[in-house]
Amino acid sequence: MRVLIVGLPLFAKRLQKDLSEFDPENRYYCLDTYYSKIDRLKALLLIPRVDVVYSINGTLGSSRVFDLAFRKKKKVMMTWVGTDVTKSKQLKTVNQTFLNEAEHYCEVNWIQEELKEMNVDAEILNFFNFSDDKNSDVVENDQLQVLTYISKNREDYYGWKEIIGAAADHPEVSVTVVGTDGEGMGDIPSNVKCLGWVEDMDTLFKKAHCTIRFVEHDGLSGFVLESLYRGKQVLYSEPLQHCLQVGSQEEISNALAKLKSELNNGEKLFNEKGRSFVKTNFNRDAILNRLIEKFKT
């Protein structure tokens with residue numbers, strides 16, 4: 001069996017690596033058909049030779065990759081992840097082939113419900129997976145340490161105003177921002193440090209008691225799952241188990257005040273239930289075996 005993985009490049013590359021190591025009997029390819037002209041040309045040659053085209057991103061609009069895959073009678077699987085749902089909702093014309101002939105999946109129930117409104121019947125199928133090889137150290141720091149991801153040039157969408165506002169409410173809380181460097185975003189409180197894009201997040205995760213994910217619209221965030229897997233407290237704009245759901249700057253600020261109080265009272269803030277949830281439900285063997293089963297069906 002040969003599977004071509006396309007879609008969001010960061011996640012597609014990780015999944016291709018995971019599957020290749022886990023299942024060496026089959027072949028897994030990854031092409032960045034969004035941003036690489038060379039990979040788009042490679043896709044023209046590779047798609048006729050594979051059995052499955054699997055995309056981490058869905059669409060009911062236009063896609064040369066999907067068009068070619070259907071012409072060559074390949075199995076097409078789409079996993080919808082969040083922003084793609086919003087974009088397809090705004091389409092005036094829907095590609096009926098993509099709607100009716102692709103297999104549709106998503107990661108979490110709130111996206112599944114949105115897709116139903118678009119007449120897309122999607123099955124829950126996850127690709128984020130974790131093996132028991134990462135430390136989940138208790139943070140030995142009396143000052144609350146917060147880590148968040150805010151995308152460069154999409155700061156408003158990722159809750160810049162609300163997160164920075166909550167940080168300003170708590171000058172004694174240390175907030176580290178990755179993704180954006182904060183340039184052009186006005187005055188930044190002294191307790192906020194913007195690092196820009198970071199390749200190795202391990203050290204930052206180890207230092208954090210808490211992470212924040214506050215976006216206008218989200219699927220199941222890998223950043224959130226990684227945080228839970230490492231035993232972090234998580235403030236999240238979506239209703240996920242073992243996270244504290246927040247919907248405004250005030251709620252973020254109140255949640256930070258609560259965590260700060262617990263830390264001052266001697267609690268370690270280690271999220272054991274969150275870690276157990278991810279270890280059980282996003283176990284590498286179970287996730288990858290189910291994906292492979294779907295590829296072969």
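Which of the following residues is more than 14 Å from Met78 (Cα to Cα), touching a helix residue (DSSP H, G or I) at 6+ places or on another chain (Cβ under 6 Å) and modelled with pLDDT under 95: Asp137, Asp142?
When all the criteria are applied, what remains is Asp137.
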> Looking at Gly247, Gly231, Gly219, which is the one that is open to solvent by less than 20 Å² (accessible area, probe 1.4 Å), part of a loop (DSSP other than H, G, I, E, B) and more than 21 Å from Arg14 (Cβ to Cβ)?
Replying inline: Gly231
>> Checking Gly184 against (1) surrounded by 19 or more Cβ atoms within 10 Å (Cβ to Cβ); (2) on the phi > 0 side of the Ramachandran plot, only one condition comes out false. Which one?
In response: (1)
> Do we have Gly165 as open to solvent by less than 20 Å² (accessible area, probe 1.4 Å), under 20 Å from Glu226 (Cβ atoms) and either in contact with an Asp or Glu (Cβ under 7 Å, 6 or more places away or on another chain) or modelled with pLDDT of 95 or more (or both) here?
Replying inline: no
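Condition first: farther than 23 Å from Ser237 by Cα, open to solvent by 20 Å² or more (accessible area, probe 1.4 Å) and in contact with a strand residue (DSSP E or B) (Cβ under 7 Å, 6 or more places away or on another chain). Now tell me which residues in segment 127-162 satisfy that.
The answer is Gln143, and nothing else.
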> Does segment 170-195 hold any residues that are assigned to a loop (DSSP other than H, G, I, E, B), in contact with a strand residue (DSSP E or B) (Cβ under 7 Å, 6 or more places away or on another chain) and closer than 14 Å to Arg154 by Cα, and which are they?
Replying inline: Thr180, Asp181, Gly182
> Which residues, counting only those in segment 37-56, are in contact (Cβ under 8 Å) with a residue 24 or more places away in the chain, open to solvent by 30 Å² or more (accessible area, probe 1.4 Å) and not charged (D, E, K, R)?
Replying inline: Leu44, Pro48
>> Which of the numbered conditions does Thr59 fail, given that it passes all the others? Conditions: (1) touching a Gly at 6+ places or on another chain (Cβ under 7 Å); (2) hydroxyl-bearing (Ser, Thr, Tyr); (3) more than 26 Å from Phe130 (Cβ to Cβ).
In response: (1)
> Is it the case that segment 267-279 has a residue that's in contact (Cβ under 8 Å) with a residue 40 or more places away in the chain, outside any loop (DSSP other than H, G, I, E, B), in contact with a Ser or Thr (Cβ under 6 Å, 6 or more places away or on another chain) and open to solvent by 50 Å² or more (accessible area, probe 1.4 Å)?
Replying inline: no
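The values are calculated or read from the model by the stated rules, or taken from the named source; none is laboratory data. Keep in mind the model is a prediction, meaning the values are calculated, not measured. All Cβ positions, even for glycine, are placed from backbone atoms using ideal geometry, and neighbour counts span all protein chains on display. Areas reflect the complete protein model, heavy atoms only, side chains present, ligands, DNA and RNA absent. Shrake-Rupley method; radii C 1.70, N 1.55, O 1.52, S 1.80 Å.
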